[in-house]
Amino acid sequence: MQNIIEQTLQYNASLVEITGGEPLLQKETSELAKALLDKGLTVLIETNGSMDITILPSGCHRIIDLKTPSSNECGKNDFSNLDVINKKDEIKFVLSDRNDYEWAKKIISEYNITNQCEVLFSPVYGYIECKKIAEWILMDNLKVRLQPQLHKILWPHDFKESDIHE
């Protein structure tokens, strides 16, 4: 872990995001986040929302990627995480169709998420256009932020089909 911290500090960056697969599966993630916070860095943790986020240090910005119905991972969401979110956190929904959008709207309303933290809607690259989701957001006057998956727009040939919902 010390090697990771040293390499991170070499970049002279003020912000670090821990992500990739599910970072909370690694028992050292919380300890790494705390060590980076202690070095004065802003630390973001992007999790798929299937595990308890309260294990993370309080200074972290937690980004929970709630899995939508089209991901076939919806049943793994740990909705108890929504009881402990705060203003520094973000909830992200990756949408591939209107059904995902309507499901996300229902969850946002049911858990009053937009009054607790930022909400992001990201279109699944290659499945739905940003413009379509933007139209729905405007029509429904949702207090969410549209977030295209820029890494897939900038480097589309670097991703395979199995990466589609990440």
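Which order, highest average first, do 78-86, 94-102 follow once you tally other Cβ atoms within 10 Å for each residue and take the mean per peptide? Let's see the in-between values first.
Numbers: 78-86: 14.2, 94-102: 19.1.
Ranked by mean Cβ neighbours within 10 Å, highest first: 94-102, 78-86.
Working out 0.36 nm times the residue gap between LEU154 and ASP38, then minus their Cα-Cα distance, what length gain in nm do you get to one decimal?
Length gained, LEU154 through ASP38: 38.4 nm.
Hey, rough spin-label estimate for PHE79 and SER58, points 7 angstrom out along Cα→Cβ, what's it come to in nanometres?
Result for the modelled spin labels: 2.8 nm.
For the range 2-163, what is the charge dipole size about the Cα centre, in debye to the nearest 20, if Lys and Arg each add +1 at the Cβ and Asp and Glu each add -1 at the Cβ?
Computed charge dipole of the range 2-163: roughly 340 debye.
Please state the equivalent ellipsoid semi-axes for the range 2-163: what are the square roots of 5 times the Cα gyration tensor eigenvalues, largest first, in whole Å?
28, 19, 15
Applying 1/(1 + (r/R0)^6) with R0 = 35 Å to the Cβ-Cβ distance of LYS143 and LEU25, what FRET efficiency is obtained, to the nearest 0.05?
0.65
In Å and whole numbers, how far do the C-alpha atoms of the range 89-158 stretch along each principal axis, longest first?
That works out to 38, 24, 17 Å along the principal axes.
Cross-link candidates for LYS34: which lysines have Cα within less than 21 Å, leaving aside residues fewer than 8 places away along the same chain?
LYS87, LYS88
Using Cα-Cα distances under 8 Å and only pairs 6 or more residues apart, what relative contact order does the range 2-163 have, in percent?
The value is 15 percent.
All of the numbers you see were taken from the coordinates with simple rules; none came from a lab. Everything numeric here is computed off the predicted structure, so don't read it as measured data. Every residue, glycine among them, receives a Cβ derived from its backbone with ideal geometry; neighbour counts consider all protein chains shown.
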